[in-house]
Each structure stands twice: as C-alpha cells, then as structure tokens.
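Before any comments, here is the structure.
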Amino acid sequence: MQSTTTRQAPTASLPQRSMNPPDLPDPLFNLPPEVIPDPQPFIALCGLDFVHNATHRTIWECFASNRGADRLPILYQIVPADHEYPVSKIKKSYEYGTVPGGILKKNWIRKHMLEVPALVVLFADLEWDDPAFAEKKIACSSKIATVRASLAGRSTRIALVLVQSRPHTFAPGEPSPDSEKVNGLCNSCELTLKQVFFLPNNDQLMGYVIRLETALSEMVQQYYLNESKRVRGHRDAVMRMASQNLSLLVRHQFKIGYFNEFRQDKQTSLKHYQQAYLNLQQIRQDGGFEVKTVAMIIMYRICRLSFRLACPVDAISNFRKHLEVFRVYKGPLDLAYQHEAWLFRQNYIFGVIFDEAIQSGLSAIPSENPGVYFTKAADHMKLRQKNCLQFPPQQLSFVPTPPVDGEFYGQLILSVPSNSTEVPIAVYLQNCERAVNHTGWMIYLLNTAIAHFRKHRCNRTALMLFNRIGDEYSVIGAYDKAQALFSQGLAEYRKSKWSVIFSQLLLRQIRVSALIPNVAEFIRSTLEAICGESYLQQNDRLQLQETLMQILSGDRPDFRNLLRPQSQMAYQKWGSLPPEALLCVLDMDNVFSCVECHCSFDRPSFAAHEMITMTARLALTSPLPIPFSELQVVLSNPAYNSSCVVSGDTAHLNLVPDRVEEFKFQFQPLNEDVGRRISISKIILKMGTADKSSFILVWSHFGTTERPRQTHCAGFPFQLTGNESVPELQTSVDIIKRPPKVQVTAAAQELLLVGETFRLPIVVHNHEAALISNVQLHVACDDHGAVGKVTFASTGSAATFINDSTSPLSDIPPGESVDAAVLIRCIMGLKTRIRITLTYDLTEPSFQCAAETTILIQSVNPLQIKFMSRELHSEEYSSEKHVLPAGEDLIYFTVIRNASPVAIVLGAAELKFPEESVERVTVTPSYLTGVQLIEDEEAQDVWFLRIRAKCPPGSLIPMGPFVLTWNRRGSDQPSAMTFIPVPDLQVKSAHSPVKVYLTLPTQVTQFEPLNLAYGIVNSSEQLLDLHILLSTNDEYVLHGEKETHVRLGPHMDTVVHCSIVPINVGYMRLPEFEIQCGPDVDCREWIDAHLPKTVFVMPKNISSGDASVDRLMTTNVV
Amino acid sequence: MADAISGPSYLYNLLANELSVALYGDLDKTSENMGALTMMTIKDRKAAAAAAGPSSSEAPVDTSASARDSDTVFPKLESIGYQVGQRLIERLTKEHARFKDELDRMKFVCTDLWKYLYDKQIDTLRTNNQGTYVFTDNLFRPLAFFSAEGVDQYYPQSGRFIAFPCGIIRGALSALGIRCTVSAKVLSVTCCVFEVVVERT
Amino acid sequence: MALCIGVMGAENQPLLIKISPNIQDPIKFHFMLHSALDVVEEKSQPLPKTPGSISGADLRELYLGLLYPSSDEVRVYGYCANTRMKMILIVEASNTTLRDNEIRTMFRRLHVAYSNMIMNPFYDVGQPISSKSFHDFVDSMIAAFGVGKLVNPTLYSVEMEYFEDVPTLTGIRLLLRS
C-alpha cells in the first residue's frame, strides 16, 4: 500500500481503483471509489521522523510493509504531531425532525477511513536512564496535549510508545522496574498505564511491532464500538420520533454498519446494512437518482459481505430482490436510459464482486456465474444505448458548466445560466450520454462474460456472445473483426447442426463480407446460404443468388436487396477492388454448399490393361441454375489429370437445381502405377467468366466427407438403419497386374523322400494371342514355417538348392506349351504348399503379367536306421546302449528300414569310425549295394570291429557318421547320399575273470543229440579252480557230467562238453550253466549275458528249409 | 401411462419379417407371430442339419454357424437389434430416475429391459470394473425351445438367435450413453453369455 | 401460452423446435435453447459437490426444473431423459398460472409422445423429427399450455404413428429386399 522507498512522508490514501475499465469512462452511477475497499481501522502515527531518523524509518516500515492476510487489517498513517484533524461537529442541538439535504454525505466514508483516526500513537525516543529524562517527559506530555486539543470532541484514543534501544527484560505493557518514572510519565501525560507502550529497538523489532499492533488493535476496537453505539443513540432518537425521518434512519443504519465493518464484525454490519436497505425502500421517490445511488452503495456492501461470509446464495438472492424492487422505478421517459444505466451498473458491479469471490476460492456453476451478470449488464447497456439514441440530438444554445457533485451521494448540481430557465435539462443529459462509448462497453462486458462462461463449461452460451460481439463490431463498422467472429460461430453451429441459427448467422456473415469486402468469403457463404438445406427464406435465397450471378457474370453487384442502408457503401467498395480480387480459390471442405460434388471410381480395382472408369456427380440445390465452366478431378498421379477434365464448352456443366449430373471419365493406367493405388485428391470446379471473375471451388478430403446426402441415394426412399444403405464413395483405386492368360500346371503326385532330389515337372501353356518373352519360372515355399526346410533348384547343370529358385524359360509362341521342371529337396518330412509363379512380358501392347499356382507337396523320410551291436560270443543285441568290452571281437549291425511307401534302391554304405580307437577285424563286402527295399522292408549290414585294448574302460568312442547312398527306384536323378549319425560306443568297465562261450549249431532237430561245447577262458592272472554245475530239466536228456572240476592257469582255456537230446519241438531251454570259483570271483553276470538260454528245435522229419536263410536267424531273438 | 403400442409383438413382427427375408429371401414365408417363425425355423434347421451331415456338428462357436450367416445375416440382425434396443430403452427409462453411473445402467439392462423382452432377468452380471461386463442368462428364452428333446442337436445353430439380442443390448446401452461392443456365446443349449466391452475414449 | 418448446437429441442437436407463432424474433429463442443446453448438461451430470459452492440439488429426477433464476422476460425449464434426449420449455415470466407440477406433467407427456414417435422404424434416431403427429402434439402443447386445463391427453396419442409414413406394406417389402 505504501511505497517505503519514498523520501516523502508516506500518507495513507485510497486505492485508486475504479469499477470502470481504464479506457471506458462512464460517470453515470459509477460506484464512488471510497465505497469499494473494505474499511480498515485507521491509526495515526506521530512523532516518527521518517526522513532523518533511520530507526524511525525502520519502525514505520515494520508497520507499513508486509501487510498480508496474517496481519490485522489496519491502516497506518504518519502525521505530524501538530496535525489538524477534522473538526467535530457539535451535535448538541441535533434536530431529528428536520429534513436533511440528502441521505448519505459524500465525505463521511472518506472522513472515517482516512481522516479521523481511531487512535493516535505518539512515538518518543526515551530511555529510562536518559540523563535528560525529565525534559523529555515534559516534551512528551506537551505533544500529547497538542494532539488531544486537536481531537477535541472526538473520542479518538491516544497511546504513547517509547522507543528504547537499551535492552530490558520486560514485555511491553508490563510495569517497568522503575515504576516511579513510569507513573510520573503517565501522570504528566494524563495517560493510564495501559496507554503507554515500550518498543525495544533491536533485532526482533518486527515481532515487537506485531505484538504492539495487537495491543493497539484492541484499543481501536473499543473506539469503533463506542462510535457505533453513539450513532445507535442517534438512530434510536430518530426512531422514537412520531414521524420517522427515513433518510436519517438510513444514514444511521448505514453508519452503524460501517463502524462495525471497521471492527470486522461482518454479521452485525450486514444486519444494519440490510436494515438501512429496508428503510431506503420506504423512501418513495419514484426511483429517484439519489435513492438508486444509495441503494447501489448499500447493496454493494451487502453483497460483498455476503460473499465474504461464504453465503454466495444469500448474495445472489439479495441482489435479485434488489433488482426486483427497483425494476418498476423507471423514471421519466426521456431519461429512461438512466434506469438502464443503473441496471447495467448493478449487474456489472455484482459481476465484479462475484468474480472477486471466485478468485478467492468460490466455485460457481453454469447457471450462476459472473458471466451471467456481465451478459445482463451488456443487455442493459444495449437498451441504454437504444433509449438514448432514440432522441434526436439537439443543439443547446449554451455551453453548460459540467455538473458538480453535490454534498450527498446521488445528487448532481447542474449550474444552468439564469437567462435560459426553460433549457431542457433532459436534452443536455442526453447529449452527455451520447459521449459514452456504449459499444466499447458492450464488447468489453461480453468478452468478460465469455471468459467466465468458458471457465464454467458454458461453451454454447459463450458462442452466442461471440455472435453478439460480432454484431456490435458490425454496428461500429469493424467488419473484419465481426467476420472473424462469425466464422468461428459458423463452424461451431454447422458442426452441432443448429441449422436455424447457422443460417441466420450466415446471412450476417454474407453482409459483413460484402462490406469488407472479402470476395472469397462472400462467395463461399453465399453458396452455402442458397443451398437447399438452408433455413433462409426462399426470397432471401433468390436475392442472394441473383447477387451471386451478377458477380459471376463480371458485373459489379449492387447489394440493394442484401444491405439496404449500406448497399451504396458496399457497391463503392466493390468498385474499387483490384481485378485480381475476383479470381480466387475457395476451399469447399466442411461447407454445406449448394453444389454437391462427389467423385468415385466405378470399381475398387482395375487391371493394368483395362480402362479405369470414374464417375463424378454434381448436384445443385440452389433456387436457380448455375453455369460452371470447368470440372476437373485431380488424381494422386498428375499424369492422368488431362484425362479428367471437362469444360463447359463440351459438357453439360450448366447445372440445374435438384438434378444430378454425371460425368464419366476414363483413362488407361500407366505401367508405372501397376501395383499401386491411385486416389482422388481433389475435385476442382470453376465458375465465372475467365476474364472478369473466376472462382475455383476445391474439394479435398473425400474420405472424411460427413454427409453423403439424399441426392445420392435417390430412388431409395426409406432408410431403415442409419447409413447402411448409402453407397460408399470409392475414392481410391488399386491398379492390379493384367490377369495372365498362361496356364501353369504342376502336380506332385508322388510322395517326396527326404534327401532325394525330386524333379517336379511343370507344363506352361501359352493361351495369349502373342508370343510371350522373358519368361521366368519362380518357385518358392508358400508357407513361412517351411521356408528353409524345402529347397529348390533349377534343372540346369550344377544346380544349387536355395529357398527360392528362378529359372528362365524360352519364349513361348502363342498356343504352344513348354515343359519345364524344378528340383525339390526336402530336409525333413513335411506337408507344405509351394508357389509356382510364372512371370512373362507381352510386347504389343507391353504388359508384364504373372501367373501363379500353388501345389501341395508331402515328403517323408524313407530311411529308418537302427544300430545294433554285440560281442562276438554274446547273444545279447544292444540297440540303445552300446556298452562293449575292449579287446573283444564285436559285431556291429546297421538295420535299414524303408519307412516310406516308395521303393528305394540302396547304394554303397560306409560306417566311419575313429581308427585309433576301433579297428576292423575282418573286412566283408557290403551286402547292401543294389538291394531294393519296398515299404517296411529291412536290410542289414554288418561290421566286425574290435575296440582297441588301450581304450580305458568307461570311455566313450565317437562313431559315425554312417553314410548311405540311395535312390528312388527308377529315378534318373543323382543318388542321394544320407549321412546318419551313429551312437557312441562305450567301453565296458567291469572285467570278468572267467569267460564262457557257447556256440550252437545252426540247426537242432528233435531226438537228435546236440553237442554243447562250453569254451571256458581264464582271463585273469591267477590259477583258478572252477566247479562247474549243469542243472537240467525235462525238455531234453542230458548225456555227460552234470558236475565237473576244472583247473585253469592264467590265460588258458578249456572246453567242457556235454550232449543233450531234445524231446520237444519248439523253443527249448538249455541247461543252466553255473561256475563256482571262489568267493572273490563272480562270473554269473558274464554267463547271463553271453550264454544262450534257449534253442529252437525242429521236428525230426522236416528239412531245415532254405539254406540261404540269413545266418543270423538261428540266434535267438526272443 | 397407457402405452398404446404393445412393444414385443411389434418387435417380433419386425424381426419376423427381417429374419425370413434375410434367411430365406422370401417374404411369403413370413409368419404372423414369433411362434410360427420359431417352428419354421426349427424345421428348416433340421433339414439343413440333415443336409450338412456330420460335418456340421463341429465345436459350436459364438456367432458363426456358417460363412453366409456371419457375413450377411448376423450384421443385419445385429443392426436391427440395435435399432430396436435404442428405441425401446427410451420407452422403458422414461419413468426411471436418472442413472448414477455405468453399473446402474448395466443393471437396468439386465433387469428391466430383459424382463420386458424375455419375462425374466439376467441371472448373473459380473464385471471387472474396467469396462467389461458379463451377463449370463441360464435359460435364455430364444434358445429355450431348443432343448425340448434334451439333445444338443440344434446347438450349432443356436448362434443365429443371439445376434439380435446382442444388437438390442448394444442399442440400449448406446442410447444410455455407453458405447460398447457386445459379443455372445452359447455355452450350453439354453445358457447364453453376453460380454459387453465398453469403449473408453 | 408457452413460448417455445425445443427437443434436442443426445448429441445436443436440435430434433424439433417449435416457437409460438406470436413471437416476432424466433431466432432469439434458438439462441436461448442452445445456450440453455449448457445448464441442462450441467444439471443432468453435476460435478461432485464441494462445500461452500453454489450448486443445485443432486437431481435424480429427469425433470430439471427452472434452468435459470427467473428473469424479467421468460422462464426456462429443462428436462433430460436417461437417453440424454433433452427438452426445454420457455414460458413467459408473467405467466404465473403455471406451477412446477404442471410443467413436470407436460414434460412427461412430451416424453411419452417422443418415445412413441421413435418407435417408427423409418425414423432415424437423432435426426430432425418430421412426424406430423408429433409436430401437432407439440403445437397443441404450445397453444393449449397455460390457458387452463390441459387438453384431454388421449386426443394427442400418437399410437400407430409409424403407419403414417409408410404408404403400403409393399413399401416395406421393397426396402427389405434391397
């Protein structure tokens, strides 16, 4: 509030705040500035030397600065000690019955706010131990006396503050240790102890000041309470009168309310203000100027307090009642504008208070927000303007001096020359009123209102106000501003489909555009206004179109029908337009124009050799026909543009209302566009004459067009469900390759074998009428999952197998066929589709075509290979775990089974093994070469191997691979070579000290003796005593010893013989062979593994069958 | 309030017209009421099932009994249902207090609308509170007559009878301000589950 | 006499606006209706209340009552259906015979008429209303309303309305085949 840097003595003053915006003066019913702020207790500080004494300046700054919400609301002012306070009127002979000159005196508020202090505080630098204490005490008391004299008749309090720099330990207000000195001071100054304070001047000065402020505030409260009681006394006196003086009553009630506001007692204030307002209503002066002014002031305070007390609903209802009460007091007819001005002012003031309340945290709703009141204020401003302007301006014969404010609120003193007594005052006042910038006010109010409506989610209301601002702008001739606002409104109403408002607004837009003049906007709006969906009168549409036709034919439009008063102005402005202003491009998107324009390809796709056909449809919904000069469809590839133009010379572009004109375009697609998409990017329609005025209407954004309109579904009278039946516009078209006339035939009738090279024959037949060249056969896998598992190669020499192969074919004359083939190799059994694509060129006309076919192939792995191994003398075949002893002879088998239904021929087979670990005992020729296997047949090959003795027990010997060459039977392709992984051999860890072998003859016959020769080898390093037991059963007769003793030296062997005669046919169990040779030698495991348990016995008189039975058949395979 | 139009019979007439034209392409077969339509539909389905042979008894799916149905008839039926639901809800909610929230609206569809249409309420309404609602009707009227013989013979065809109710639900909710997609699944012959997924913007 | 009745769709687009023929400046009422939609929207979907703010009661009734505090000229009443179809009625402020209850009854009857009207399958929900009987009904409301007792409601029942727009059954047949 105060500038602390100024060197002049700071004085409190009213905030220079006015309700009016700075550039919009309006004196009528302006709220007096002193009424606006909330009253604050007024304390005068004297004895502070602000200029020369730094301590005093600091003290002042502590009082004056940082007056935030946490400080008590107090207004301080520095006054000199000998300040003259306003003289108090002695009201001892107050005549309550006399009629006062008015209701509220203008200077009263100001006087109590800024001139009559509630408290005068005298500051004095006085230390207790000051040597000149006595002198200073006297100086102090004399100053106090001066102040007291100046305040004679007022109950203003006085306080003394001693500024002390020396530290002392007691708080202000406490009796000092030197109570004698204090009492002396009090006595000499005629002050009580409670009126004397001490202000220690140290680091905590601010804190002390605040404590002092609280103490002072209590004194102030008391003062204002007394004042209000004093006025209450006056009021009571007035009320006791027989004929109540209402003006005085209002005045007193107001004063009581105001004093209570000083005390921050808002409730009491409100009560008295309301009482004042009620009393005011009883003063019937037919809406007199003064009553309205005072009512405004009181209502201002009431509403303000209500908002402060968080009762916004009360404020609103009070305010509404206020308007209701004064609604009927319209005043004299020739000053009717004054009533509107008052109403405007009420609404405006209330809007401002409301806004302030919102800024301090109130939340409002759409139906109750400041915008409502600003709008009403604007309404009344409009009426005020209308009421004022309806009287013709009259020249006055004299220049009156400006009106002087009277002594009371709402009183205006007009000094009129004495010689012109009958001067119509109303005329003078009307002339004054004309100086007010009504339009500026309205625009200001509406803009403020819009801001509030926007804030409170009232976009529609805000939009309406935009249009009103536009209207005001067009009244004052700011047509371009109006046009911008109207455009905004038009877009919104068009979108929200409020067509009636839209059409009306459009008419304004047209008028404003004509006056700017903005040719493009004028034409576009006119096109929209004359369309069939417009809500304008048919007559208006006709006139608009006539104007449009004038412009199109190059004439200057006269606008007579459109803008009656301003038509001449617009006519002149159009005359001065440069010629190029009449050549413009109009963007017709999002405009509901009277010309409807659609273009659609006839089909979603066209082949390269076809003519692309496209249909453009134009429809007109204006009242009169409109001629157009050219229609052009612009495609995404500009190369076609020359094919997509029609001009008015050759086609019927003279559109007639409510008839759809169709224009067909066709053109050949370019080869470069094959495989691409062409879309319609724009439609351009030209109208006007080329030389004088030309307007180019442009439509783009086809896909987003909102409303395919009725004209496009003519003949379809009912729509059951939404847009279901509206034909969709085909705004883009795919150019696909010319369909081939070549037949590609291929079929894989046989199963493919994994690993083989399969030749797939393909027949290509040329049905084209001409020779095809550059023929390429392309084969690839159709299924992503199978890519890499099937490979292809062309049939040429040294083919490499890749994922997709391309092979060139020779040119094919028309009608002929060519046989081609492709090689396929699968690496695993699968079922997949392969795609065969044939591309070729035609030369005349030049096309590239592609024929495609897919076939299903299925492949199986024919080779099912099993590996078996056994020790030479063992009966046990192992196909899973190849655990074999080192140093022994082994037999290793490969069993090859054909798992496919296709017969195969085997070629060479080779088993690879590491030479350093395994040696071959005997080299036998492969039995496999040339063997044919049909489905489920098996072939075996055998190798005699021995693991070298040096291989440590338990170690693994990697084997393999097994390489097999084979082919499909009858295939002309090179044989497949399959590498088959071979399981590892493991060297047996345990070593039996005794080994027993038994060799059985190939054939055993019933009742014929069978000699069993058990070969026993001692492979240990010691002499062994062996006790051999043969247990028998009843399937045979045993000859020989059942129990034998053998003694074997290290690495020696022997043979134990016995003979049995089989009794039964079929499988016969052999004797159980058992060796007992001491506790530490166990050869049971060996015997279990190596000795045969059974033998097959043939009947006696049946020969043993074919000698070529595989030699291995004799071994037991149970 | 005297509602002059008897809602369901009008609806069913509309449905009957549409169904017969859509499915048979011939209006002459249009019957006057739903009952006749039902009978005829079953008869026709029997013939169709016999013609299709065992291949038609594949695992039943929600609304795709055959390519022709799903391509043309279902969207059409659904769209008619949408129109019906949209209009019907205006009538049914005009005495109803303003809905509080989305769940309130769903409940209305499950209770009042369903009662109006099928004389019973949806049996369970479940939601994940994230815009997915599942209505389960254990004895869905349009499917109720299927199970007369206690066999699942017409189970594969039952999907055809839920496109229209789906549309009704979507239309009703759309009119109540909830944009959603509705799908349905026939669990057993008479039990139908509707899943409503609300579109969040 | 009611001055104006407006029926708006869910997207706030006008479906039918009827203004008393005595009104000189009908466009003003269009603006009024359009602006009033702000308040209708607010009242039908109120924000959560905060203490100390100005806000109306939590309206669960479809009838929204007075939208604005009554002004010098007109009173504006609103109604918002569960389907967000909105109706706004504007009456003269001087017409003191109209009680809240009568306005409510009138809105209900309008709503019934509307819900009957949209049963017409040839009417696209959300498009401007062209049904003659609905127009007549609203006209009668405007004319009769406030004069005294309401006209016997059955007179304006719009039952069988959808047959008006369909000339014959063949109309349907053609449509369905297409």
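The values are calculated or read from the model by the stated rules, or taken from the named source; none is laboratory data. Here the structure is a predicted model, which is why all the values come from computation and not from measurement. Cβ sites come from the backbone with ideal geometry, for glycine too, and all protein chains shown count toward neighbours.
Listing for the model above:
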{"quantity": "Subset of region B:90-133 [hydrophobic (A, V, I, L, M, F, W, C) and either closer than 26 Å to C:Val112 by Cα or assigned to a loop (DSSP other than H, G, I, E, B) (or both)]", "calculated": "B:Leu92, B:Ala97, B:Phe99, B:Leu103, B:Met106, B:Phe108, B:Val109, B:Cys110, B:Leu113, B:Trp114, B:Leu117, B:Ile122"}
{"quantity": "Strands (runs of 3 or more DSSP E) wholly inside region A:995-1061 that include at least 1 residues being touching a Leu at 6+ places or on another chain (Cβ under 6 Å) and either among the charged types (D, E, K, R) or crowded, with 17+ Cβ neighbours inside 10 Å (or both)", "calculated": "A:1010-1018, A:1024-1031, A:1043-1048"}
{"quantity": "Hits in region A:400-446 - residues which are modelled with pLDDT of 80 or more, in a helix (DSSP H, G or I) and surrounded by fewer than 16 Cβ atoms within 10 Å (Cβ to Cβ)", "calculated": "A:Arg434"}
{"quantity": "Qualifying residue in region A:625-633 (condition: touching a Leu at 6+ places or on another chain (Cβ under 6 Å), modelled with pLDDT under 85 and not hydroxyl-bearing (Ser, Thr, Tyr))", "calculated": "no"}
{"quantity": "Number of positions in region A:984-994 that are surrounded by fewer than 16 Cβ atoms within 10 Å (Cβ to Cβ) and modelled with pLDDT of 80 or more", "calculated": "1"}
{"quantity": "A:Arg468 being more than 14 Å from chain C (Cβ to nearest Cβ), within 19 Å of C:Asp25 (Cβ to Cβ) and out of contact with any His (no Cβ under 7 Å at 6 or more places or on another chain)", "calculated": "no"}
{"quantity": "Given (1) at pLDDT 85 or above; (2) touching a Gly at 6+ places or on another chain (Cβ under 6 Å), index of the condition A:Ala949 fails", "calculated": "(1)"}
{"quantity": "Residue that is nearest to A:Ala435 (Cα to Cα), among those in region A:319-359 that are of a type in the set (S, T, N, Q) and touching a residue at least 24 places away in the same chain (Cβ under 8 Å)", "calculated": "A:Gln338"}
{"quantity": "Meets criteria (among the aromatic types (Phe, Trp, Tyr) and within 25 Å of B:Gly177 (Cα to Cα)) for C:Phe107", "calculated": "yes"}
{"quantity": "Of all residues making up region B:108-131, the number that are under 18 Å from B:Glu199 (Cα atoms) and surrounded by fewer than 18 Cβ atoms within 10 Å (Cβ to Cβ)", "calculated": "6"}
{"quantity": "Total residues in region A:496-540, condition within 14 Å of another protein chain (Cβ to nearest Cβ) and either of a type in the set (Val, Ile, Thr) or in a helix (DSSP H, G or I) (or both)", "calculated": "12"}
{"quantity": "Those residues of region A:600-614 which are part of a strand (DSSP E or B) and surrounded by fewer than 16 Cβ atoms within 10 Å (Cβ to Cβ), in sequence order", "calculated": "A:Ser605, A:Thr613"}
{"quantity": "Scan of region A:737-764 for residues that are of a type in the set (Val, Ile, Thr) and out of contact with any Phe, Trp or Tyr (no Cβ under 7 Å at 6 or more places or on another chain), ordered by number", "calculated": "A:Val744, A:Thr745, A:Val754, A:Thr757, A:Ile762, A:Val763, A:Val764"}
{"quantity": "Residue match in region A:986-997 (condition: aliphatic (A, V, I, L, M), out of contact with any Pro (no Cβ under 6 Å at 6 or more places or on another chain), free of Cβ contacts under 8 Å to residues at least 60 places away in the same chain and more than 23 Å from A:Phe758 (Cβ to Cβ))", "calculated": "no"}
{"quantity": "Residues being of a type in the set (S, T, N, Q) and either part of a strand (DSSP E or B) or in contact with a helix residue (DSSP H, G or I) (Cβ under 9 Å, 6 or more places away or on another chain) (or both) - total across region A:565-599", "calculated": "4"}
{"quantity": "Sole residue being touching a residue at least 24 places away in the same chain (Cβ under 8 Å) and either under 51 Å from the mean Cα position of the chain (by Cα) or within 29 Å of A:Gly371 (Cβ to Cβ) (or both), chosen from A:Phe262, A:Phe307", "calculated": "A:Phe307"}
{"quantity": "Failed criterion for A:Arg308 (all others in (1) within 23 Å of A:Leu104 (Cβ to Cβ); (2) crowded, with 21+ Cβ neighbours inside 10 Å hold)", "calculated": "(2)"}
{"quantity": "Among (1) away from chain C (no Cβ under 12 Å); (2) part of a helix (DSSP H, G or I), the one test that A:Ile316 misses", "calculated": "(1)"}
{"quantity": "Check on C:Tyr63, at pLDDT 85 or above, under 14 Å from C:Leu16 (Cβ atoms) and within 11 Å of chain B (Cβ to nearest Cβ)", "calculated": "no"}
{"quantity": "Selection within region B:81-106 - more than 7 Å from chain C (Cβ to nearest Cβ), of a type outside the set (Asp, Glu) and buried (at least 17 other Cβ atoms within 10 Å of the Cβ)", "calculated": "B:Gly81, B:Tyr82, B:Val84, B:Gly85, B:Leu88, B:Leu92, B:Arg105, B:Met106"}
{"quantity": "Filter pass, A:Leu577 being touching a residue at least 60 places away in the same chain (Cβ under 8 Å) and either over 20 Å from A:Phe667 (Cα atoms) or within 47 Å of the chain's Cα centre (by Cα) (or both)", "calculated": "yes"}
{"quantity": "Given (1) touching a His at 6+ places or on another chain (Cβ under 8 Å); (2) small (Gly, Ala, Ser); (3) not in a strand (DSSP E or B), number of the condition A:Gly1078 does not satisfy", "calculated": "(1)"}
